[in-house]
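Student: Sharing a structure below in structure tokens format, with a few things to ask.
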Amino acid sequence: MAEVSTYRNYIGGEWRESSGGLFEVKSPADGSLVYRAQRSTVGDMRDAIAAARGAFETTEWRDDPNTRTQALFKFSAAVHDRHEDLAHLLTRESGKPYPVSRGEALRLSETTSYFAGLTRWIFGRSQVPQPNSISLIMREPIGVVGIIVPWNAPLALLARALAPALAAGNAVVVKPASYTAGSTVELAKILEGIPEIPRGIVNIVTGPGDPVGAELARHHDVDMISFTGDTSTGREIMRLAAENLKKVSLELGGKSPTIVFADANFDRAIRGALNAASFYNAGQICIAGTRVLVEASIHDAFVDRIKDMVPKMKVGPGWEKGVEVGPVISESQLEKVSGYIEQGKREAVLVAGGHRLTDGALAKGYFIAPTVFDQMRPDARIAQEEIFGPVMGITTFQDLDEAIRLANNTVYGLVAAVWTRDINKAMKIATRVRAGSVWVNTFGKMFQSTEMGGFKQSGLGRQYGLEGLFEYTELKHVNIQIEK
């Protein structure tokens with residue numbers, strides 16, 4: 001039997017154990033022990049924040065974009081070299097299919113490379129507001145940034161905060177999700193070998209959200225919090241951050257619509273709807289298009305095709321070849337999703353799945369059959385609340401205006417997709433649906449160079465692109481009076 005790793009915290013360039021002891025991470029696919037990590041305390045988090053503050057204030061990191069560029073390019077290359085190892089660990093700790101984990105590790109490398117290239121492009125501007133006066137508008141790093149990482153896509157979602165925060169010249173403290181702490185701490189081993197990054201600029205502390213994550217959110221020496229997770233936790237992060245009015249960047253929940261018109265390429269729309277539902281990650285993706293709005297005239301054909309395709313999806317541990325759907329992350333998540341499925345059976349018509357899978361080795365894990373409901377009422381709980389599991393619901397609409405009303409009929413506004421050959425319909429959806437990203441005849445296209453973020457209760461701020469970089473900066477006005 002392979003030796004089980006024990007991960008330590010990375011604070012101030014040193015590997016430290018916590019007085020709080022250890023916690024175990026077991027695979028949601030078969031219950032096997034994957035590793036142990038530190039059950040950190042408030043004191044550990046305070047040490048990490050102090051290390052970050054000291055490094056930010058005393059090193060040249062904040063003032064040397066050339067060094068930051070070199071460091072981030074080296075980090076990107078090193079992650080690329082190790083992406084298969086990271087992917088294997090991610091699959092073990094999360095259960096997701098290995099190809100998905102591999103793509104996520106590569107995205108970490110690509111995102112870091114993109115922001116490495118932007119490091120020397122943080123420009124301000126100047127103007128002459130009156131005679132003998134020059135004003136400079138400068139962008140500066142915010143200071144110490146706390147990054148709270150979710151478990152559903154830990155490497156990809158860490159990348160879009162860590163890379164721009166470092167590119168802008170900040171110091172960071174990362175609090176990974178406990179379910180996937182190992183793959184995040186592995187990154188510290190890579191960062192440790194990059195001499196351009198001063199000790200203390202990157203710190204990683206594992207442990208429970210309360211009290212460790214809460215301390216990061218409330219601490220007065222933290223200048224910004226970047227959080228990805230559910231909306232209720234986002235509200236609590238805002239409340240804690242308000243104690244010193246620190247800046248917050250939040251990407252929160254979603255209940256995203258996939259809108260299929262009768263004039264769409266039917267086969268592409270079917271495949272697109274299944275991809276949007278994120279069965280590949282057991283539905284555990286914030287952008288998941290779990291509300292499928294189908295024009296009434298093609299409803300029956302659409303449901304028949306879905307009913308045929310979904311039960312054929314291969315469910316199992318992510319390390320097995322050909323697996324398309326892995327487990328949900330934990331027993332508590334299994335119970336939560338199962339509760340929504342039972343609710344759905346009372347609110348809609350079940351056409352596929354709807355039960356836990358316990359045949360053979362699947363009984364060791366938290367596997368749920370990909371589930372599809374039809375005739376889902378717009379006001380049903382399964383239509384309004386984020387399930388975060390492999391559950392999709394279908395609702396019909398009669399015309400464009402009804403499709404838009406249904407698409408907007410939630411408190412969320414993260415993403416949306418529309419399938420149609422009519423550019424006028426597509427543009428009306430794109431401009432009238434309240435969502436931060438809208439895809440036409442595709443789903444999930446997120447580029448490092450294009451911003452994303454939520455409307456309504458799906459979040460604050462933007463990730464990726466120039467705006468994603470500027471999230472981690474402050475604007476300063478410097479005025480110079482010229483003597484005559």
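The values are calculated or read from the model by the stated rules, or taken from the named source; none is laboratory data. Only a predicted model underlies this, so the values are computations on that prediction, with no experimental measurement involved. All Cβ positions, even for glycine, are placed from backbone atoms using ideal geometry, and neighbour counts span all protein chains on display. For accessibility, only protein heavy atoms count, side chains too; no ligands or nucleic acids. Shrake-Rupley method; radii C 1.70, N 1.55, O 1.52, S 1.80 Å.
Student: Report, in whole Å, the centroid distance computed from the Cα atoms of segment 431-453 and segment 392-430.
Tutor: A separation of 13 Å, based on Cα centres.
Student: Hey, can you grab everything whose amide H is under 5 Å from the amide H of residue 459? Only 5+ residues off in sequence or another chain; H modelled, so Pro and N-termini drop out.
Tutor: The list, which skips near neighbours in sequence, is 252.
Student: Take 439, 121, 319, 151 and sort them by solvent-accessible surface of the protein heavy atoms, 1.4 Å probe, largest at the top. Please report the intermediate quantities before stating the final value.
Tutor: Numbers: 439 20, 121 150, 319 100, 151 50 Å².
Per-residue accessible area, sorted high to low, gives 121, 319, 151, 439.
Student: Grab the Cα-Cα distance for residue 210 and residue 430, subtract it from 0.36 nm times how many residues apart they are, and report the gain in nm with one decimal.
Tutor: Working: separation 220, 0.36 × 220 = 79.20 nm, distance 3.93 nm.
Computed gain between residue 210 and residue 430 is 75.3 nm.
Student: Right, another one. When all protein chains stay in place, what accessible area (Å², nearest 10, 1.4 Å probe) is found for residue 92?
Tutor: My reading of the accessible area for residue 92 is about 80 Å².
Student: Solvent-accessible area of residue 218, probe 1.4 Å, all protein chains present, reported in Å² to the nearest ten, please.
Tutor: Taking all protein chains as shown, residue 218 has close to 80 Å².
Student: Then there is this: Considering only 154, 426, 187, whose Cα is most displaced toward the positive end of the charge dipole of the chain, charges sitting on Cβ of Lys, Arg (+1) and Asp, Glu (-1)?
Tutor: Of 154, 426, 187, it is 426.
Student: Nothing charged except the Cβ atoms of Lys and Arg (+1) and of Asp and Glu (-1): what's the magnitude of the dipole of the chain about its Cα centre? Round to the nearest 20 debye. Please list the in-between numbers first.
Tutor: Details: 54 positive and 55 negative charges, 105 e Å.
The calculated dipole for the chain is roughly 500 debye.
Student: Based on DSSP H runs of at least 4 residues, each adding -39500 (n - 2.57), what is the mean residue ellipticity at 222 nm of the chain after dividing by all its residues, to the nearest 500 deg cm²/dmol? Could the numbers behind the result be given before it?
Tutor: Working: 15 runs with 176 residues, N = 484.
That comes out to -11000 deg cm²/dmol.
Student: Just to make sure I understand: if all protein chains stay in place, what is the order of 5, 94 by accessible area at 1.4 Å, largest first?
Tutor: Details: 5 55, 94 10 Å².
Largest accessible area first, the residues go 5, 94.
Student: Report the gain in length on full extension from residue 121 to residue 26: 0.36 nm times residue separation, minus Cα-Cα distance, nm rounded to one decimal.
Tutor: 29.9 nm
Student: How much of the accessible area of the chain, in percent, comes from carbon and sulfur atoms when a 1.4 Å probe is used?
Tutor: Details: 9720 of 19660 Å².
That fraction is 49 percent.
Student: At a 10 angstrom cut-off on C-beta neighbours, averaged per residue, how do the peptides 366-377, 232-243 rank from highest to lowest? Can you show the working numbers first?
Tutor: On the way: 366-377: 23.2, 232-243: 16.6.
For the peptides 366-377, 232-243, the packing ranking is 366-377, 232-243.
Student: Let me ask something else. What nm value, rounded to one decimal, do you get for the distance between residue 331 and residue 363 when each label is placed 7 Å out toward the C-beta?
Tutor: The answer from the label model is 1.6 nm.
Student: Find how much the distance from residue 379 to residue 128 grows on full extension, using 0.36 nm per residue of separation minus their present alpha carbon separation; answer in nm with one decimal.
Tutor: On the way: separation 251, 0.36 × 251 = 90.36 nm, distance 5.60 nm.
Length gained between residue 379 and residue 128: 84.8 nm.
Student: Find the accessible area per residue for the chain; the probe is 1.4 Å, ligands and nucleic acids are left out, and the unit is Å². Spell out each step's value before the answer.
Tutor: On the way: 19660 Å² over 484 residues.
I get 41 Å² per residue for this part.
Student: Whose amide H sits under 5 Å from the amide H of residue 225, counting only residues 5 or more places off or on another chain, with H placed in the peptide plane?
Tutor: For residue 225, the qualifying residues are 146, 247, 248, 249.
Student: Okay, next question. Quick check: from the Cα gyration tensor, does segment 305-430 come out rounded (a/c under 1.5), prolate or oblate? It would help to have the intermediate numbers written out before the result.
Tutor: On the way: a/c = 2.23, a/b = 1.77, b/c = 1.26.
The shape class here is prolate.
Student: Now a separate question. Would you work out if the chain is rounded, prolate or oblate? Take a ≥ b ≥ c from the square roots of the eigenvalues of the alpha-carbon gyration tensor; rounded if a/c is under 1.5, else prolate when a/b is larger than b/c, oblate otherwise.
Tutor: Details: a/c = 2.10, a/b = 1.33, b/c = 1.58.
It comes out oblate by the Cα gyration axes.
Student: Right, next: In whole Hz and in residue order, list the ³J(HN,Hα) couplings for segment 177-184 that follow from phi through the Karplus curve 6.51 cos²θ - 1.76 cosθ + 1.60, θ = phi - 60°; x for Gly and Pro.
Tutor: Each residue of segment 177-184 in turn: 5, 5, 5, 10, 5, x, 5, 6 Hz.
Student: Accessible surface of residue 336 in the full protein assembly, 1.4 angstrom probe, to the nearest 10 Å²?
Tutor: Only protein atoms counted, so the area is about 90 Å².
Student: Calculate one ³J(HN,Hα) per residue across segment 226-235 by plugging θ = phi - 60° into the Karplus curve 6.51 cos²θ - 1.76 cosθ + 1.60, and present them in order as whole Hz with x for glycine and proline.
Tutor: Once θ is set to phi - 60°, the couplings for segment 226-235 become 10, 10, 10, x, 6, 5, 5, 5, x, 4 Hz.
Student: Please report the antiparallel percentage of DSSP beta bridges with both residues in segment 228-380, rounded to the nearest 5. Write out the running numbers ahead of the final one.
Tutor: Values: 4 of 10 bridges.
Around 40 percent antiparallel, to the nearest 5.
Student: Something else about it: Hey, can you grab everything whose amide H is under 5 Å from the amide H of residue 172? Only 5+ residues off in sequence or another chain; H modelled, so Pro and N-termini drop out.
Tutor: Amide H neighbours of residue 172: 145, 202, 203.
Student: With the Cα gyration tensor of segment 145-283 giving a ≥ b ≥ c as the square roots of its eigenvalues, does the rule (a/c under 1.5 for rounded; else a/b larger than b/c for prolate; else oblate) give rounded, prolate or oblate? Provide the component values of the computation, followed by the final result.
Tutor: Details: a/c = 2.38, a/b = 1.71, b/c = 1.39.
In terms of gyration-tensor shape, prolate.
Student: Given a Förster distance of 22 angstrom, what is the FRET efficiency for residue 401 paired with residue 268, based on the Cβ-Cβ distance and rounded to 0.05? The partial results should precede the final answer.
Tutor: Working: r = 24 Å, r/R0 = 1.11.
FRET efficiency, residue 401 to residue 268: 0.35.
Student: Can I ask one more? Tell me which trypsin sites (Lys or Arg not before Pro) from segment 372-432 have a DSSP coil assignment and no more than 12 other beta carbons within 10 Å of their own. Mind showing how you got there, number by number?
Tutor: Details: sites: 381, 405, 421, 425, 428, 432; in loops: 421.
The qualifying sites are 421.
Student: As an exercise, use a Förster radius of 56 Å and the Cβ-Cβ distance of residue 484 and residue 57 to find the FRET efficiency, rounded to the nearest 0.05. Intermediate values should be presented prior to the final figure.
Tutor: Details: r = 38 Å, r/R0 = 0.68.
My answer for the efficiency is 0.90.
Student: Follow-up. Explain nothing, just compute: Karplus ³J(HN,Hα) = 6.51 cos²θ - 1.76 cosθ + 1.60, θ = phi - 60°, for every residue of segment 14-31 in order, whole Hz, x for Gly and Pro.
Tutor: Couplings: 10, 8, 10, 8, 9, 6, x, x, 10, 10, 9, 10, 10, 5, x, 8, 9, x Hz.
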